[in-house]
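The values are calculated or read from the model by the stated rules, or taken from the named source; none is laboratory data. No experiment lies behind these values; they were computed from the predicted model shown. Note: ideal-geometry Cβ built from the backbone for every residue, glycine included; neighbour counts use all protein chains shown. Please note that ligands, DNA and RNA were not included when accessible areas were found on the heavy atoms of the full protein model with its side chains. Shrake-Rupley method; radii C 1.70, N 1.55, O 1.52, S 1.80 Å.
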Amino acid sequence: MLLYHLMPKLMKKSSLALLIILFFVAFDQIVKIWVKTTMSIGEAFPVFENWFYIYFVENEGMAFGISLGESIGKLLLSIVRIGVAGFLVFYLFKIIKNKQADRVVVIILSLIIAGAIGNIIDSIFYGIIWHYAPLFYGRVVDMFYFKLFKIPHWSPIWGGDYFFPAIFNVADACTTIGIMAIIIWNKKIFTPIKNKNIHQK
């Protein structure tokens, strides 16, 4: 009887997680494929006046153009991404099953998973699809560029550049928002782990 009453709640949270992941992965890939098939690398055009641009670039590495190299570093990065995404999927659905996740936790972890999967698809398949690299060596497509204001030249980071100088994609945004939310709501995220460790002791 208890299971009968709990199942709808579990299904709702699982469905919410799947919906968020599938929506943002699909949105990320649609934007990337549109940019990839209609623009040339380095091409840009303004969306809102002179502060928001669609600027097509590709990078070999992590979010916001950070790179670990084009050979072994690139392969290791792809493997790490897959491992992290797999762990987060396992952890999310485990805490949902154990009734340890509220909707905030589900949304946060689902965003991070969607972001990881979005860039994993680029890294694994784009090289094969567009015939420029073997499996796992594809480049990540970025396109969002904001020129909000100039960073003072004396600033030790990005001095003289526009804020925000990095070019990013939907997947990067999902990951960043998710990580920032973890910092804010870290107790909600990590309480299930702490409780589990206490019970094991």
(message) Solvent-accessible area of Thr38, probe 1.4 Å, all protein chains present, reported in Å² to the nearest ten, please.
(response) 80
(request) Between Trp51 and Ile33, with labels modelled 7 Å along Cα→Cβ, what's the label distance in nm to one decimal, could you check? (result) 3.3
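Note the full-extension length gain between Asn98 and Val84 as 0.36 nm times their separation in residues minus their Cα-Cα distance, in nm to one decimal. Walk me through the numbers on the way to the answer.
On the way: separation 14, 0.36 × 14 = 5.04 nm, distance 2.08 nm.
Contour length minus the Cα-Cα distance gives 3.0 nm.
Between Leu76 and Leu18, what length in nm is gained on full extension when 0.36 nm per residue of separation is reduced by their alpha carbon distance? Walk me through the numbers before you get to the answer.
Working: separation 58, 0.36 × 58 = 20.88 nm, distance 2.70 nm.
Result for the pair: 18.2 nm of gain on full extension.
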(message) Tell me the accessible surface of Ser15 in square angstrom (1.4 angstrom probe, heavy atoms of protein chains only), to the nearest ten.
(response) 60
(request) Work the Kirkwood hydrodynamic radius out for the stretch 24-178: mean of 1/r over every pair of different alpha-carbon atoms, inverted, in Å. (result) 16.7
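List, in the order given, every pair from Lys74/Lys147; Lys13/Lys147; Lys99/Lys187; Lys147/Lys187 whose Cα-Cα distance in the structure shown is over 27 Å.
Going by Cα-Cα distance, Lys74/Lys147; Lys13/Lys147; Lys147/Lys187 fall outside the 27 Å limit.
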